[in-house]
Amino acid sequence: MSAATLPNVTLTDAYRAMTPGSAALADKARAVMPSGLAHDSRHFDPYPPYVQRALGPAKWDVDGNKYVDYFGGHGSLILGHNHPAVMAAVHAALERGTHFGACHEAEVRWAELIVQMVPSAERVRFTASGTEATLMALRLARAYTGRPKLLRFRGHFHGWHDHMTSGYASHFDGTATSGVVDGVADNVLLCDPNDVAGLTRLFNDHKDIAAAILEPTGATYGKMPILPSFLALLRDLTRQAGTVLIYDEVVTGFRVSPGGAQAALGILPDLTTLAKIMAGGLPGGAVAGRADIMEWLDFKATRETGREKVAHQGTFNANPISAAAGIATLEIVASTDVCARANAFGDALRAGMNAVLREERVKWAVHGTYSCLHIYTNPTGDDIVPGQFDSAAFIPAMIAKPRGEALNGPVRTGLLVNGVDMTPSLAAWISATHGETELAITVEAFRATVRALKREGAITASR
Ligand SMILES: Cc1ncc(COP(=O)(O)O)c(C=O)c1O
């Protein structure tokens, strides 16, 4: 019997008992890094696991505990950890040099692959991250249209730069977040996802919208879905208004399908932002899209038309090591069924975990689309039937978090104790290396977690 299944040991005590090495590292980290962290979404009480190595669908912490990994390099590892072809390409690239400070052959091949795979991509400009990609896409849209305003949707994430902070997790009235000047926030319009009347009104009231940006499958990669009819309306309204439509496919690109969400949904944007899978688990990003918009980055085209070129530098843009990992990954995504297999695993895992909820008579939901999964712990106590959860109807509750997500921490702790790592917000990014073994481990870890939380009095079964 593991510590996790002993009646008198809480999940947190069990976690502490199995992770003394992580506790010690977290103590040291807090002395030199705010909260001991390099990324807000790794924040976890009492402390996060410190990971030492990874392979395929698994990773091991510094205490030797093995986890089925659903953090998936923040979504960048559709091929799992250390895919042999990616590793071989990276090792070979390392032998040639890490940075030439020059154009190189791999960046050309990388861009060609993106143009071939992403339906709306005619030209590509590489960046070093997804945040930089959305920053550049928005700047291009402003230059192209000559307009100041940006339209975004509450709850959608587009990286951490100043233009996209209000309305993601806070400041839903559009006021500036800590450290951002009012003038920047004032130029951003916010709309509720799927709010047809609100969207129509915004386009009627504002004739100066440069760009509309969204995660095409919905906020947090489908946790709060965008309805296809709303996406179609947004496409129509942006086209009529001459507003640049930007799909932020940093997560969905090369995941939902080899051509991303746009290929699966059949509605194309003007610009697309990419990162994560695109760079094969190494740092990297890109803006791709219509040639006439991307032309604002082009020296000759802007000179000939008398426009002021959009400036863009970046020491690590199209870094050769990232390019090698990206090319190896995209070639596999393009030529095999990895996206479809990860999506099928998503369906199977959602079904298995919802079956646990029904058996345990717990009114939560495991939902999501494609190879992204979310656990909703129902803080408002609604009458949810697991497996029949209409997540779009819960978007206001998910955005506003009226009673918080108090159970997220305990659930993640329970999953960790039982050998599974999801994100602190209880999301999972699935890879093509997740198979039957991982499915069985995850479903049983979820069952053990639910039962432990019942024992601890954190949840009660419904009648
Ligand atoms: C939809 C989306 N856009 C942009 C970003 C920012 O990308 P990066 O973390 O590479 O800056 C993320 C990161 O998680 C994301 O999920």
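A short reminder: the numbers here are calculations on the coordinates, not readings from a lab. Predicted, not measured: the structure shown is a model, and the values here were computed from it. Cβ atoms come from the backbone with ideal geometry, glycine included; neighbour counts cover every protein chain shown.
Some observations on this one:
- Distance-filtered residues of region 398-435 - backbone nitrogen under 19 Å, label point 7 angstrom along Asp337 Cα→Cβ: 430-435
- Beta bridges per DSSP with both ends in the chain, % antiparallel, nearest 5: 60
- Given charges at beta-carbon only (K, R positive; D, E negative), |dipole| of the chain in Debye: 340
- Cut-off under 5 Å, modelled amide H: who pairs with Leu268 long-range: none
- Against the chain, whose longest principal axis is taken from its Cα atoms, helix 408-417 shows a tilt of about 70°.
- Taking 7 Å steps out from each Cα toward its Cβ at Asp13 and Arg307 produces label points 6.6 nm apart.
- Under Karplus coefficients 6.51, -1.76 and 1.60, residue-wise ³J(HN,Hα) of region 28-43 in Hz, glycine/proline x: 5, 4, 5, 6, 10, 9, x, 6, x, 10, 10, 7, 3, 6, 9, 5
- Rg to Rh, two decimals, where region 84-335 supplies the alpha carbon set and Rh follows Kirkwood: 0.97
- Note, ³J(HN,Hα) from phi for region 99-112, Karplus 6.51, -1.76, 1.60, rounded to Hz, x at Gly and Pro: 7, 8, x, 7, 5, 8, 4, 5, 5, 5, 4, 4, 5, 4
- P(r) of region 322-463 over all Cα-Cα pairs, binned every 10 Å from zero, in whole percent: 11, 40, 31, 13, 4, 0
- Amide H to amide H, with H built 1.01 Å from N, Gly387 comes under 5 Å of Val366, counting only residues 5 or more places away or on other chains.
- Estimated dipole of region 84-335 in Debye, rounded to 20 [Cβ of Lys and Arg +1, of Asp and Glu -1, Cα centre]: 140
- Length gained when the stretch Val181-Trp160 is fully extended (0.36 nm per residue, less Cα-Cα span): 6.1 nm
- Taking a Cβ cut-off of under 15 Å around Ala85, the surrounding Lys, Arg, Asp and Glu residues balance to a net charge of 0, with basic ones at +1 and acidic ones at -1.
- Site pair Glu456 and Asn82 shows an inter-label distance of 3.1 nm when each label is modelled 7 Å from Cα along Cα→Cβ.
- Residues Thr315 and Ala92, FRET efficiency given R0 of 25 Å [Cβ-Cβ distance, rounded to 0.05]: 0.65
- Take the Cα of Ala397, step 7 Å toward its Cβ, do the same at Ala355, and the gap between the two points is 2.6 nm.
- Over the chain: helical MRE at 222 nm, DSSP H runs n ≥ 4 each giving -39500 (n - 2.57), nearest 500: -12500 deg cm²/dmol
- Ellipsoid semi-axes for region 55-176, based on the Cα gyration tensor and the rule √(5λ), read 32, 25, 13 Å when sorted largest first.
- Difference of contour (0.36 nm per residue) and Cα-Cα distance, Phe299 to His43: 87.9 nm
- C-alpha center-to-center spacing [region 152-182, region 46-74] in angstrom: 31
- Summary value for the chain: 21 percent relative contact order, contacts being C-alpha pairs under 8 angstrom separated by 6+ residues.
- Taking the longest Cα principal axis of the chain as reference, the axis of helix 436-455 is set at about 60 degrees.
- For region 84-335, the share of DSSP beta bridges that are antiparallel, to the nearest 5, is 45%.
- Derived scalar couplings ³J(HN,Hα) [region 356-373; Karplus, 6.51 cos²θ - 1.76 cosθ + 1.60; whole Hz; x for Gly, Pro]: 4, 4, 5, 5, 8, 6, 10, 8, 9, 9, 10, 9, x, 10, 6, 9, 10, 10
- Fraction in percent of alpha-carbon pairs per bin - 10 Å, the chain: 4, 20, 30, 27, 15, 4, 1, 0
- Relative to the dominant Cα principal axis of the chain, helix 130-145 is inclined by about 30°.
- Contact order normalised by residue count of region 84-335, Cα under 8 Å, 6+ apart, percent: 29
- Close amide H contacts of Met224 (hydrogens built in the peptide plane, cut-off under 5 Å, sequence separation of 5 or more or a different chain): Ala219.
- Spin-label zone in region 384-402 - amide nitrogen under 15 Å from a point set 7 Å from the Cα of Leu227 along the C-beta vector: 390-396
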